[in-house]
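Please read the structure below before turning to the comments.
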Amino acid sequence: MILSSDLASGLFLADTDLDSLEMIPLGSPDGDDLDYEMPEHLPILPVRNTVLFPGVVVPVTVGRQKSIRLVKKAYKGNRIIGVVAQNNQQKDEPTPDDLYRIGTVAYIIKMITLPDGNITIIIQGKKRFEIQRIEQEDPFLTATVRQIEDSFPSAHKKEGKALLQSLKEAAYKILRLNPEIPQEARIALDNIESPIFLLHFLSSNINAEVSDKQQLLEKLEGVQQAQLLLEYYLKEVQLLELKREIQSKASLDLDQQQRDYYLRQQMKVLQDELGMDNPDRELEQIRVRANQKKWPQAVREHFEKELSKLQRSNPMAPEYPVTMNYIELMVDLPWGEYTKDNFDLKRAQKILDGDHFGLEKVKERIIEYLAVLKLKNDMKAPILCLYGPPGVGKTSLGRSVAKALGRKYSRMALGGVHDEAEIRGHRKTYIGAMPGKIVQNIRKCGASNPVFILDEIDKVSSDFRGDPSSALLEVLDPEQNSTFVDNYLDVEFDLSKCLFIATANSLDTIHPALRDRMEIIDITGYTVEEKVQIAKKYLIPKQRREHGLKTKDLQFDDKAVLRIIEGYTRESGVRSLEQKIGSLVRKIAKSIALEEPYQHQVRPADVTKLLGPEIFDKDLYSDDDIAGIVTGLAWTQVGGEILLIESSLSRGKGVLTLSGQLGDVMKESAITALSYLKAHADDLGIDYRIFNNYDLHVHVPAGAVPKDGPSAGITMVTSMASIYTQRKVRPFVAMTGEVTLRGKVLPVGGIKEKILAANRAGVREIILCSKNRKDIEEINPAYVKDLTFHYADTVDQVLAISLLPNQVSRPLKFILPEEKPEPAMSQS
């Protein structure tokens, strides 16, 4: 009945550029609103295979020369033409006798010239007309015509109303019976209100011959046209119903078994065409892989149960892919599959030394682990925690350990993880459930004994989703992780052969129970000498490779590397050093690319030219000939530094002022030191009146840098004692340690970093607590060969070592009030 190409109420075809059409408002469906005059002589366009009805928009392809001349001339003029169907459709050059006498006046909306020379026009029917006589045949047909007015009784009349309702019902029934007709046709029918346009619309879209459509066009009275049109529609309905009935009877001849077989064969063909796996064949492949797994009996029974449940499930059921993903995870996991360890200890030592400079403790611990594993051939892997500042090579060390052992390498970043399910996985019942990252990484590795790096374990956080630190307790316990259970996997998996190496910048934020399960290895950082060697052996060759340079293109002088380290970086590791070297190499690469002259050998002067002025000043010991200035030692995230503490007195009322953006711990150290001096003023030779008549100001440069920590106690008390006694501090002496109110000296941490900072600054003597002697013994003797260490247990010993006995060259003259004699007691 209704063709998809003619559908939208006779509007435009789907392949027509709607935006390019020169639209005219339709107004009334009949098109009477177009302001045009019927010309006396109307150009006639013969068409075949179609009949144009008033109000309908159709495309027509014009290929005859006469028709092309007609269309071009009309399009430049008023765009009005007469469209008449051929009664002999086979004739290419129709004569007046080959045309019907009734046609439709059309308005050309758009003309499109095709690449082959033909023309497509979009036309809209306006009014029917009758040809009176032919005026000319060249250059195209022209005829005198008579306009025919449409007529239809009012829709309120019973006969007309019944006809229109019957036509609509027949059209709706055809829409239901023919699935090929788009649903937009029903919308178009519902929106037509004019009975005349409804007749023309349905007549134009009926599935009939041209002669039948011409009969509808020639029915000048609307009721007669509606009656004939209804006959055509009822015949179409009967044909469609008969077709459906035949198809229904034919389908009943196939029994259920034949139907299922036919559908399965179709599914197989479609799956092969689309490259999809057959579910049965896929399950069989999974079963073959499962038979090769070294599963415990309980795990195998659990797998068989899940697989049989999957085989009974419908592949189209929503739970099918969930179960399929689960059993695929089970067969993908390396159950009992281990890589063979390489027990060549000399080779392992060579790999560790080649990849990392220094880090002797870590290397020694790995070699010990390999040695025991070689002798016993079976041991629980230790849980190591590499603790140290950023950039010292904690994470990259794990890859070197994996290479030394011959194991797979896996890294899991824990920074910012706050969901317990990231570690233990989700329950299978949840939508979007997946295993935890531990199981996922084991799956990727393909072995059950990888070197597993837990990076930034101190950055783990917790919220309402759980505490990942608590979930890690089972993973990092050698006595428990052999039976680790992931929530998604829901069966035990052995993690005891994995070598877990955690990294952390701070131990304070690690869960105490978690910290207790790990073996802490302190990586304190590198000395300047070590950084120079690291830059020469690792960083500079790496940057040359990454920037496309060869060894002959660029060389670094040792002093130039030292200039970069001391003037442009301030860190314990080498990350910033690598960035600065990379920046310098890029500038050299730019000069090479632009064919500009450059220095092949980078010297200290070249460093300043390429990187600009030095960013940091080298911390050097300042030998001031003034009392109250003491050099302390401090630990920072980027290594050790020297710390100057200055004290000064001014006349006042004994007020203590602290400046330099000190933290609470350092403020308490200053208060404790002052209290100790007040209590032992007589022993130190201090006039007690000074405390009440002079204000004390303690300052720690630089004021913009926050400072805190428990290692400045003896430095504070020495600075105060120096200003109160006016005794100068011994030159080239630095100190670190905490003090109590009773004058006891307490040990502090970060000794190696502090010693390295003192060595760089030119300090010769260092005062420490006696209990820190063991820390000095663990330091490489090469780092402390030029230093002299003094160990003290009390403040008196510290002051005896640090303060010079003679007065300073510019002593402060104290102005104190005279003492009033105490009144004599009267005798009774």
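Just so you know, all these numbers are worked out from the coordinates, no wet-lab data involved. Bear in mind the structure is a predicted one, so any value in this text is a computation, not a measurement. Backbone-built Cβ (ideal geometry, glycine too); neighbour counts: all protein chains shown.
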| Filtered trypsin sites (Lys or Arg not before Pro), region 297-384: DSSP coil and at most 15 other beta carbons within 10 Å | Lys340, Lys380
| query | If the limit is 32 Å between Cα atoms, which of Lys346/Lys444; Lys497/Lys542; Lys376/Lys771; Lys73/Lys127; Lys127/Lys158; Lys363/Lys707 go over it? | reply | Lys497/Lys542; Lys376/Lys771; Lys363/Lys707
| query | Tell me, how many Å apart are the Cα centres for region 660-714 and for region 403-467? | reply | 49 Å
| task | Could you pull out every residue, at least 5 positions away or on a different chain, whose amide H is within less than 5 Å of the one on Leu644? Hs are placed 1.01 Å off N in the peptide plane, and Pro or chain starts have none. | result | Gly632
| Of all DSSP beta bridges in the chain, antiparallel share, percent nearest 5 | 55 percent
| field | Per-pair calculated FRET efficiency, R0 = 25 Å: Lys537 and Gln480 via Cβ, rounded to 0.05 | value | 0.05
| task | Give the order of Leu198, Leu658 when sorted by the count of other beta carbons within 10 angstrom, beginning with the fewest. | result | Leu658, Leu198
| message | Using the Karplus curve 6.51 cos²θ - 1.76 cosθ + 1.60 with θ = phi - 60°, what ³J(HN,Hα) values do you get for each residue of region 488-494, in whole Hz, with x for Gly and Pro? | response | 6, 5, 6, 9, 6, 10, 8
| query | Where does helix 713-725 land angle-wise versus the long Cα axis of the chain, in degrees 0 to 90, nearest 10? | reply | 50 degrees
| message | Defining a contact as two alpha carbons under 8 Å apart and six or more residues distant in sequence, what relative contact order in percent does region 301-374 show? | response | 25 percent
| query | To the nearest 500 deg cm²/dmol, what mean residue ellipticity at 222 nm is calculated for the chain from DSSP H runs of n ≥ 4 alone, each contributing -39,500 (n - 2.57), summed and divided by the residues? | reply | -12500 deg cm²/dmol
| task | Between the alpha-carbon centers of region 331-393 and region 742-784, tell me the distance in whole angstrom. | result | 31 Å
| Hey, what did region 345-522 get for relative contact order, percent, Cα under 8 Å, at least 6 apart? | 30 percent
| If you project the alpha carbons of region 385-446 onto their three principal axes, what span does each projection cover, largest first, in Å? | 42, 28, 14
| query | For the pair Asn325 and Lys774, what calculated FRET efficiency results from E = 1/(1 + (r/R0)^6), where r is the Cβ-Cβ distance and R0 = 60 Å, to the nearest 0.05? | reply | 0.60
| request: Let me know the charge dipole size of the chain about its Cα centre in debye, to the nearest 20, where only the beta-carbon of Lys, Arg (+1) and Asp, Glu (-1) is charged. | output: 2460 debye
| note | Pseudo-spin-label distance Asn191 to Leu270, built 7 Å along Cα→Cβ, given in nm, is 3.4 nm
| task | Note the angle between two axes, namely the Cα long axis of helix 319-332 and the longest principal axis of the Cα atoms of the chain, as a number of degrees from 0 to 90, rounded to the nearest 10. | result | 40 degrees
| field | Diffusion coefficient, µm² s⁻¹, Stokes-Einstein with Kirkwood Rh over alpha-carbon pairs of region 629-807 at 37 °C and 0.692 mPa s | value | 202 µm²/s
| Among all the lysines, which ones have a C-alpha under 17 Å from Lys428's C-alpha, if same-chain residues fewer than 8 places away are not counted? | Lys305, Lys309, Lys437
| said: Using only Cα atoms and rounding to the nearest 10 degrees, what angle (0 to 90) does helix 751-761 make with the longest principal axis of the chain? | reply: 80 degrees
| Extended-chain gain in nm, criterion 0.36 nm per residue less alpha-carbon gap, Leu375 and Val528 | 51.2 nm
| field | Shape parameters for the chain, alpha-carbon atoms, Rg then Dmax in Å | value | 48.7, 165
| message | Neighbour counts of other C-beta atoms within 10 Å: give me Tyr338, Tyr688, Tyr369 arranged from fewest to most. | response | Tyr688, Tyr338, Tyr369
| task | Can you tell me the relative contact order of region 528-611? Whole percent, Cα pairs under 8 Å, sequence separation 6 or more. | result | 39 percent
| Ranking of Glu328, Glu571 by count of other Cβ atoms within 10 Å, fewest first | Glu328, Glu571
